[in-house]
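The block underneath contains the structure these notes are about, expressed in structure tokens.
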Amino acid sequence: MKGYKNPDPTVDLIIEGEDGKILLIERKNEPYGWALPGGFVDYGETLEAAAVREGKEETNLDITLISQFKSYSDPKRDKRYHTITKVFVAKGEGEAVGMDDAKRAKWFSPQEIESLDIAFDHKKIIKEYLEFKEFLKEKGLTFEDLGKYLLNG
């Protein structure tokens, strides 16, 4: 057993529909509010496998990862523990239903998200995602283009 404390690794998913809406889950547990689907990485699990598993567990969707996005590590991003998250951009197939520790899953436009009570630093993550998506568009690129180089599989 180690005698020191490390941050816990987590994953979060930005699942965007064809209409530009982003899927959020309403949390059953504290901290309450809406959040990106995601959760803790299990021992022996890759970040990619954790993202697919957590996405399925919380939304009922079959998850396909498109690209890695960014990592977030502010010790205050989760008031319960110090976590480090790797954010993935993903697609989901099926009907979105809140499951596991999600009360419900619902699609929101970026404008609707601005007025929601969002847990953790997920509002910041979504804002940065939308800004970077626009930057990519200006360059004639997509997250699918990035995923060819950024996903480990």
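Rule-based calculations on the coordinates, nothing more; no lab input. All values derive from a computational prediction rather than experimental measurement. Glycine also receives a Cβ, built like all others from the backbone with ideal geometry; neighbour counts cover every protein chain displayed.
Restricting to region 68-110, and then to whatever is of a type in the set (Phe, Trp, Tyr) and surrounded by 13 or more Cβ atoms within 10 Å (Cβ to Cβ), can you tell me which residue is nearest to the chain's Cα centre (by Cα)? By that ranking, first place goes to Phe88.
Among the residues of region 42-75, those that are under 13 Å from Asp101 (Cα atoms) and either assigned to a strand (DSSP E or B) or not charged (D, E, K, R) (or both) comprise Gly55, Thr59, Asn60.
Looking only at residues of region 24-41 that are among the small types (Gly, Ala, Ser), touching a Lys or Arg at 6+ places or on another chain (Cβ under 9 Å) and in a strand (DSSP E or B), we find that the one that is surrounded by the fewest Cβ atoms within 10 Å (Cβ to Cβ) is Gly39.
Take Lys106 and decide whether it is in contact with a helix residue (DSSP H, G or I) (Cβ under 7 Å, 6 or more places away or on another chain), among the basic types (Lys, Arg) and outside any helix (DSSP H, G or I). When the stated conditions are applied, Lys106 does not pass them.
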